[in-house]
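Trainee: Questions regarding the structure given below will be posed in turn.
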Amino acid sequence: IDGTDRGAFIPPFTMDPSNPNILYFGTYRVYQTTDGGNSWLPISSDLTTGGSSFVSAISAIAVAPSDSDIAYVGTNDGNLWETTNAMGGAGWTYIAHGTPTRSVTAVAVDPANAQTAYATFSGYSGFNGDTLGHVFETTNGGTSWTDISGNLPDVPVNSIVIDPSFPNTLYAGTDVGPFVTHDGGKHWAVLGTGFPI
């Protein structure tokens, strides 16, 4: 990994759920190791927009649990990318269609279906014509996205977890605490009590 690469203060570091020897690291490009970290190779070019007043960098990486060839990447300048060939050269397709231009904070891939993924976003809507929410779902590998923010408050969403045991159940970590939905994002409720914000 090139230490001079432009990168986030806390860069994303992700393990392939199917193989612990396959790891990913993000700077402004994606690095991959297939031998448990002994050697790394870049498998993308610059996936950021770049040229902004802050450090444009990759902020989220997720590998499909059901298919090691499929990976999603988000950047802190609002880009989303997908590869369907992570293990064989990794050509990348831009998939940020209809999503906010705010920072991508997390990406999660459905355990059973690699075409279904979720992306979360930081920031606040209501500025500069941005009326979009903070949680988005794709069911077609990023060709299109649906805002499933429902009744979530207009605050940054920092993480998303898919419940593997209960369909349509998602957990979102926000700046004002954790939320849960049991209907795929139509309605969200505060999760539990006593959690710090």
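Trainee: Is it the case that some residue within the stretch 25-46 is under 25 Å from GLY133 (Cα atoms), β-branched (Val, Ile, Thr), outside any loop (DSSP other than H, G, I, E, B) and out of contact with any Pro (no Cβ under 8 Å at 6 or more places or on another chain)?
Mentor: No: zero hits.
Trainee: When SER56 is evaluated against the numbered criteria (1) open to solvent by 20 Å² or more (accessible area, probe 1.4 Å); (2) assigned to a loop (DSSP other than H, G, I, E, B), which criterion, by number, is the only one it fails?
Mentor: (1)
One line per residue, one yes/no per condition, for (1) among the polar types (S, T, N, Q); (2) over 21 Å from GLY141 (Cα atoms):
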{"position": "PHE25", "(1), (2)": "no, yes"}
{"position": "ARG29", "(1), (2)": "no, no"}
{"position": "SER45", "(1), (2)": "yes, no"}
{"position": "VAL63", "(1), (2)": "no, no"}
{"position": "ASN85", "(1), (2)": "yes, no"}
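Trainee: Looking at PHE166 and the list (1) part of a loop (DSSP other than H, G, I, E, B); (2) in contact (Cβ under 8 Å) with a residue 24 or more places away in the chain, which single condition is not satisfied?
Mentor: Checking PHE166 against (1) part of a loop (DSSP other than H, G, I, E, B); (2) in contact (Cβ under 8 Å) with a residue 24 or more places away in the chain, the one that fails is (2).
Trainee: Anything in the stretch 49-67 that is within 17 Å of ALA119 (Cβ to Cβ) and at pLDDT 95 or above? List them, or say none.
Mentor: ALA57, ILE58, SER59, ALA60, ILE61, ALA62, VAL63, ALA64, PRO65
Trainee: For the stretch 48-62, give me the residue count where each residue is within 19 Å of MET15 (Cβ to Cβ) and in contact with a Phe, Trp or Tyr (Cβ under 7 Å, 6 or more places away or on another chain).
Mentor: 3
Trainee: Among GLY98, GLY78, GLY89, which is of a type outside the set (Asp, Glu), in a loop (DSSP other than H, G, I, E, B) and over 16 Å from GLY142 (Cα atoms)?
Mentor: Just a single option satisfies the conditions, and that option is GLY89.
Trainee: Provide a single number: the residues in the stretch 111-136 that are closer than 18 Å to GLU82 by Cβ and surrounded by fewer than 19 Cβ atoms within 10 Å (Cβ to Cβ).
Mentor: The number of residues fulfilling the criteria is 5.
Trainee: Would you tally the residues in the stretch 138-163 being closer than 22 Å to GLU82 by Cα and open to solvent by 70 Å² or more (accessible area, probe 1.4 Å)?
Mentor: 4
The values are calculated or read from the model by the stated rules, or taken from the named source; none is laboratory data. Just so it is clear, the model here is predicted, and its values are computed rather than measured. Cβ sites come from the backbone with ideal geometry, for glycine too, and all protein chains shown count toward neighbours. Note: areas computed on protein heavy atoms with side chains; ligands, DNA, RNA excluded. Shrake-Rupley method; radii C 1.70, N 1.55, O 1.52, S 1.80 Å.
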